[in-house]
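**Q** The structure's right below; bear with me while I get my questions together.
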Amino acid sequence: MSQVMFDLDVLRSFSTGIALGSYARAADRLGRSTSAVSAQLKKLEAQAGTALFRKAGRGLELTDAGETLLAYAHRMLELNEEASAAMRGADLQGWVRLGLQEDFGETLLPAVLGRFARAHPKVRIEACVARSAELRERLELRQLDLALAWDTGGQITPHGERVARLPLHWIGPRSPDALDAAWWEERERRGASARKSKEPLPLVLLDAPCPLREIVVAALDRAGTPWRHAFTSASLAALWAATSAGLGLSVRTPFGLPAHVRAIDRTAIGLPALPQMSLMLYRAQAAAEAPVARLATLLLEAVREHVQAESAQLH
C-alpha cells in the first residue's frame, strides 16, 4: 500500500477556505480560480479516502474526518513556515525584550516563544508580564522592544499597531450555581425588572489604578445598578479563581478565558452593555531590528489566528 503524501499547497487552500468561511474568498486570497481550489479539494478527499465535507443548509461543514485533517493541516503548515523561517533567519542573532499583559501569558507565550526559539536559537529573549501602564512606561524608557497590551485610552504611545478590537463581557463562573446566592436569586426572581434590584452587584476586579475598573463602575453608575467590590487583586489568575468560586462577576474580553469561567448573557440579568477594547502591539522604535521584527510578526499572526478561531466558535 503506497503512502499518502499530502500536498502542503492543497492543505493551505483547505485551511484558508475554512478560516475565511468560503472557498471563493480563499481562491481570491490565494490568487487562484475557484475551479482550481475545487479541484484541489477533490484531490484532498481522494487522498484522505473519506468525505471531508457534508452539506449544511446552503453551505458545507466539516465531517469528523475533516476536522481531524484540519488540525493536522494547521500543524503541518505551521511547521513548514517554521522551517522556512529558520532557513531565512538561520544566522539571526540579537536580543528581544518582550512585555505583555497577563491575559496572554498562557494563551500565546508558550507557542510563540517556542516557535521563535526553534527557528532562531541564537536570539535571546527576555519576557515580562505586567499591566498596560507599566508596559508603556518601560517602552518609553527603552527597557522593552515590544509590548502586547490593551489600549486603555490614556497617553498615546508611538509606534503602536492595532491587532484586534474585542468586546468586553461580563464574566462569571462556569456553573451559575456558584454565583453569590443573594444577588443571583434576586436577579432571577425579578427577571426583566432586574435593573431595579437593590442588591448590589458583587464585582471581582483588579486593584486600582485600573482603567477597566473605571469603565465598569461608570457603566453600572450610568445604568443605576448598585455594586460593591467583592474581591480585588493585582493578579488576573486570582480574579479568575474568585470568579470561578462565585464571589462575583468580573469583566474581560473573551481572549484567553480559562475553562472554569464563562461570558454571561448580560440581558438575562439586566446588566449594562460594555464597550470594546483595542489590543495593541507597541514597538519601542519605528524601524525595529530583524529579531524584533520577526517576533512581532509571529505575535501578530498568533493573535489574529486566536481571535479568528474564537469568532468562528461564537458563530
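The values are calculated or read from the model by the stated rules, or taken from the named source; none is laboratory data. All values reported here derive from a predicted model rather than from experimental measurement. In this analysis, Cβ positions are derived from the backbone assuming ideal geometry, glycine residues included, and neighbour counts consider all displayed protein chains. Areas reflect the complete protein model, heavy atoms only, side chains present, ligands, DNA and RNA absent. Shrake-Rupley method; radii C 1.70, N 1.55, O 1.52, S 1.80 Å.
**Q** Which numbered condition in (1) modelled with pLDDT of 80 or more; (2) open to solvent by 80 Å² or more (accessible area, probe 1.4 Å); (3) charged (D, E, K, R) is the only one that residue 97 fails?
**A** Here residue 97 meets the rest and fails (2).
**Q** When you check residue 292 against the structure, is it under 30 Å from residue 249 (Cβ atoms) and aliphatic (A, V, I, L, M), yes or no?
**A** Criteria not met by residue 292.
**Q** Next question, about the same structure. Could you pull out the residue among 42, 55 that is in a helix (DSSP H, G or I) and of a type in the set (Lys, Arg)?
**A** 42
**Q** Give the range 109-130 a look and list any residue that's more than 17 Å from residue 78 (Cα to Cα) and open to solvent by less than 70 Å² (accessible area, probe 1.4 Å), or say none.
**A** Within the range 109-130, 123, 125, 127, 128, 130 meet the criteria.
**Q** A further question on this structure: Of the residues 136, 142, 118, only one is outside any strand (DSSP E or B) and in contact with a Ser or Thr (Cβ under 7 Å, 6 or more places away or on another chain); which?
**A** 136
**Q** Within the range 121-133, how many residues turn out to be assigned to a loop (DSSP other than H, G, I, E, B) and either within 22 Å of the chain's Cα centre (by Cα) or hydrophobic (A, V, I, L, M, F, W, C) (or both)?
**A** Qualifying residue count for the region: 2.
**Q** Please identify the pairs in which a residue from the range 117-138 that is in contact (Cβ under 8 Å) with a residue 24 or more places away in the chain has its Cβ atom under 6 Å from the Cβ atom of a residue that is outside any strand (DSSP E or B) and open to solvent by 70 Å² or more (accessible area, probe 1.4 Å), counting only partners at least 6 apart or on another chain.
**A** Taking only residues 6 or more apart or on different chains, the pairs are 122/93; 129/102.
**Q** Does the range 27-39 include one or more residues that are among the hydrophobic types (A, V, I, L, M, F, W, C) and either farther than 26 Å from residue 307 by Cα or open to solvent by 70 Å² or more (accessible area, probe 1.4 Å) (or both)?
**A** Yes, the range 27-39 has at least one match.
**Q** Among the residues of the range 101-115, write down those that are part of a helix (DSSP H, G or I) and in contact (Cβ under 8 Å) with a residue 40 or more places away in the chain.
**A** Selection gives 102, 103, 104, 111, 112, 115.
**Q** Okay, next question. Identify all residues within the range 220-258 that are under 19 Å from residue 165 (Cα atoms) and hydrophobic (A, V, I, L, M, F, W, C); write none if there are none.
**A** 251, 255, 257 - these are the residues of the range 220-258 that are under 19 Å from residue 165 (Cα atoms) and hydrophobic (A, V, I, L, M, F, W, C).
**Q** Another question, if that's okay. Pick out, from the range 208-286, the strands (runs of 3 or more DSSP E) lying fully within it that include 1 or more residues that are open to solvent by less than 30 Å² (accessible area, probe 1.4 Å), more than 19 Å from residue 172 (Cβ to Cβ) and of a type outside the set (Asp, Glu).
**A** Filter on the range 208-286 gives 276-283.
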